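Questions regarding the structure given below will be posed in turn.
All of the numbers you see were taken from the coordinates with simple rules; none came from a lab. Model, not experiment: these values are computed from the prediction. Reconstructed Cβ throughout: ideal geometry from the backbone, glycine too, with neighbour counts over all protein chains shown.
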Amino acid sequence: MSDGEQGMAGDLSGRGGEPSEAELRAAWEEQLRALTPADVIVQTAVSLISLAGRRLGIERGTEGERDLRQVRDAIDGARALLPVLERGEAAATLAPLREAISALQIEYTTRNSLPVGVEARAGAELLDDRTIRFRGKDILEVWRLYRVQ
């Protein structure tokens, strides 16, 4: 029995036994009556945002799950759902979703923007997947050597 069914079973069965199939079906039908497409779309967007964050490898322990293609797909999927939600939701209720998507886009861009071969340059040290430390006798020398052309 799934978690949802167990939760319904506890609500339905005051007599201590398992609920009947008819009771489970009635509870499921009641949940479906209360559910709206907007509820499902919001939950889908939240799931995509969570998955994108995990695939970015931001949190400790998720570094091995990093997959920027999946991050891009999850961000694009969540963004694609916003126009549907905007038809029926107030803009203020969608602000947290927009902010989360924007934060993920920024993080994706910064993690995906290091120059190719940065480790190979003399005086360049790759600290992590977002940070490069350049060394030179002064800031002007570093700027001249490593500026983007």
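Among 69-78, 38-47, what's the highest-first ranking by average C-beta atoms within 10 angstrom per residue?
Working: 69-78: 17.7, 38-47: 14.1.
In descending order of packing, they fall as 69-78, 38-47.
Same structure again: Within segment 70-112, which residues have the backbone N less than 15 Å from the label spot 7 Å out from ALA34 along Cα→beta-carbon, could you tell me?
Correct set: none at all.
Still on this model: Can you pull the one-decimal nm distance between simple spin-label points at ALA22 and GLN70, each 7 Å off the Cα toward Cβ?
Calculated label separation equals 4.5 nm.
Still on this structure, please answer the following. If one puts a single equal scatterer on every Cα of segment 37-111 and applies the Debye formula without solvent, what log₁₀ I(q)/I(0) results at q = 0.21, 0.23 Å⁻¹?
-0.85, -0.97
Give a quick list of GluC sites (Glu not before Pro) in segment 15-98 that DSSP marks as loop, anything other than H, G, I, E or B, with at most 16 other Cβ atoms within 10 Å. Walk me through the intermediate numbers first.
On the way: sites: GLU21, GLU23, GLU29, GLU30, GLU59, GLU63, GLU65, GLU86, GLU89; in loops: GLU59, GLU89.
Sites meeting the loop and neighbour criteria: GLU59, GLU89.
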